[in-house]
Amino acid sequence: MRQMLPWSKFGPSRRRVLAAGLAGLGTSASVLASASALCRAAEAATLRKLAAEKGLLYGTTIAATQITGDRPFADLVRHEANLVVAENEMKWQVINRGAPNDDDYAPADTIAHFANINQLVLRGHNLLWYHRTPYWFFDLTKRQQQEQAVIDHIRRLAGRYRGRIHSWDVVNEPIEPKDGRPDGLRTEVFLETLGPEYIDLAYRTARDVDPNARLVVNEYDIELDAPEHEARRVALLYLLEGMRRSGTPVDAVGIQAHLTAVGGPPFSAPLLRRFLADIASLGLTIQITELDVTDEKAPADVAARDSLVADTYRRFLDVALDEPAVKMVVTWGLSDRHSWIVRRETYQTKWRTDDAASRPLPFDADLEAKPAFDAIARAFAHAPQRQSG
Ligand code: XIL
């Protein structure tokens, strides 16, 4: 039988239930005492608090337009998270106006300011990502020009937020074994001209600019039991070992963990445990950086779907949080109201083939907690204590 935890009774719509419970209670002293116990239980159930009790950080993406235009959502972020990360606003192509050294930091500043006034930890995502590099950079064919542009960009971006960033994804998604290189590195714009040394250049520059930020290698499709995931794990460990050997400054691995409730590769607990232990044995910490669960092949029925999604969160987190080197869990959004998966349904390939909107995150589009919330809360509550990092 599943253990009942205090927040279970606040369930998928705990705030609604709490309000109704309080309204029906009347006003005697004992009733007021139980009302305040209910309030404390509800307060205790925030993800930020449950995570903090175990030495973990829990965070979510946020967008500047959500801070300025969706107050209830921003309030929920403040309530549930102790860390935020810009979903897009710190990406080079997004910051850049289309010419070298011509940047607009206003949206990124909005997010940094939100973190600052609410005393939230700020993650930096990201300094280099082949997929969000300004178009003009692709026309730089000389090594020296590219090198200088990379250095200038990292100096400006990491320099602007120096001392305020907990961790930077310095290079995002550097691995792609399908590109056929023996080292498994992705053959993209930086590598083509600068060679694999671009990685060392980026991490050294970042360390130099903001010595207190943890420097992260962030990668996807490395958590499951499939040949492609295995190839990516091998390549990533090879890269990390090389960085350690040559003294390239690196502190942590970011495991994106975009998971699939039904129809994805199988999950293997022993395999994930071993991979996390391998990373930890290199003296690195681990951050779960982009957790969400797509439900495109799950049945349309909402209750059935929510339970499959919650189960996927639970399976993954139960194993991940057993590893003390894991210090952070970030979901790629907090509410289905603002999820790249739901957005992609409206402008790209649909993830679901029926008309049902995806439900990948802990809160639904009305900001009510879902079974996925309970699964994450339970995983935090059951996680072993660790030193924060
Ligand atoms: C995604 C954003 O969520 C989308 O809004 C944007 O259109 C594309 O990028 N891996 C990453 C993230 O490292 O930056 C991506 O974010 C999701 C996949």
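Excluding PRO324 itself, what net charge comes from residues whose Cβ is under 13 Å from its Cβ, given Lys and Arg +1 and Asp and Glu -1?
Details: positive: LYS54, ARG273, LYS327, ARG386; negative: ASP322, GLU323.
It works out to a net charge of +2.
Starting from the Cα-Cα distance between ARG245 and VAL262, subtract it from 0.36 nm times their residue separation and give me the gain in nm to one decimal. Each step should come with its number before you reach the end.
Working: separation 17, 0.36 × 17 = 6.12 nm, distance 3.97 nm.
2.1 nm is the gain from fully extending ARG245 to VAL262.
Kindly rank 325-338, 121-134 from highest to lowest mean number of other beta carbons found within 10 Å of each residue.
Numbers: 325-338: 24.6, 121-134: 21.5.
Going by the mean number of other Cβ atoms within 10 Å, highest first, we get 325-338, 121-134.
Please compute the length gained on full extension between VAL234 and ASP109, using 0.36 nm multiplied by the number of residues separating them and subtracting their Cα-Cα distance. Write out the running numbers ahead of the final one.
On the way: separation 125, 0.36 × 125 = 45.00 nm, distance 3.72 nm.
Separation in residues times 0.36 nm, less the Cα-Cα distance, equals 41.3 nm.
Where in region 297-315 does the label zone of ALA269 land, with the point 7 angstrom along Cα→C-beta and an amide N cut-off under 12 Å?
Residues passing the 12 Å test: 315.
Rounded to the nearest 0.05, what FRET efficiency is calculated for GLN385 and THR68 with R0 set to 30 Å and r the Cβ-Cβ distance? All intermediate terms of the calculation are to be shown ahead of the outcome.
On the way: r = 38 Å, r/R0 = 1.26.
E(calc), rounded to 0.05, equals 0.20.
Can you give the direction-averaged projected area of the convex hull of the alpha-carbon atoms in region 194-290, in nm²? Intermediate results must be reported in sequence, preceding the final value.
Working: hull surface 27.0 nm².
Reported value for the Cα convex hull: 6.8 nm².
When DSSP beta bridges are limited to those with both residues in the chain, what percentage is antiparallel, rounded to the nearest 5? Walk me through the intermediate numbers first.
Values: 3 of 40 bridges.
Restricted to the chain, the bridges split so that about 10 percent are antiparallel.
Which parts of region 188-221 would a label at ARG164 reach, counting a residue when its backbone N lies under 17 Å from a point 7 Å out along Cα-to-Cβ?
Hits in region 188-221 for ARG164 at 17 Å: 209-214.
Less than 15 Å Cβ to Cβ from ASP179, Lys/Arg counted +1 and Asp/Glu -1: what total charge do the surrounding residues give? Can you show the working numbers first?
Values: positive: LYS178, ARG181, ARG186, ARG232; negative: GLU173, GLU176, ASP183, GLU188, GLU192, GLU219, ASP221, GLU228.
Value of the local net charge: -4.
Enumerate lysine pairs in the chain that are 8 or more residues apart or on different chains, then count those whose Cα atoms are under 20 Å apart. Intermediate results must be reported in sequence, preceding the final value.
Numbers: LYS9/LYS49; LYS9/LYS370; LYS49/LYS327; LYS49/LYS370; LYS54/LYS327; LYS297/LYS350; LYS297/LYS370.
Counting lysine pairs in the chain gives 7.
Let me check against my output: what whole-number percent is the relative contact order of the chain, with C-alpha pairs under 8 Å and at least 6 apart?
On the way: 711 pairs, mean separation 65.2, N = 389.
It comes to 17 percent, rounded to a whole number.
Restricting to DSSP H runs of at least four residues, report the calculated mean residue ellipticity at 222 nm for the chain, -39500 (n - 2.57) per run over all residues, nearest 500 deg cm²/dmol. List each step's numbers first, then the result.
Working: 15 runs with 174 residues, N = 389.
Value at 222 nm, helices only: -14000 deg cm²/dmol.
Taking the Cα centre of region 209-346 as the origin and placing charges on Cβ (Lys, Arg +1; Asp, Glu -1), which of VAL253, LEU317, LEU271 is farthest toward the positive end of the dipole?
VAL253
All of the numbers you see were taken from the coordinates with simple rules; none came from a lab. As the structure is a computational prediction, the values presented were derived from the model and not from experiment. Ideal geometry is used to build each Cβ from the backbone, glycine not excepted, and the neighbour counts take in all protein chains shown.
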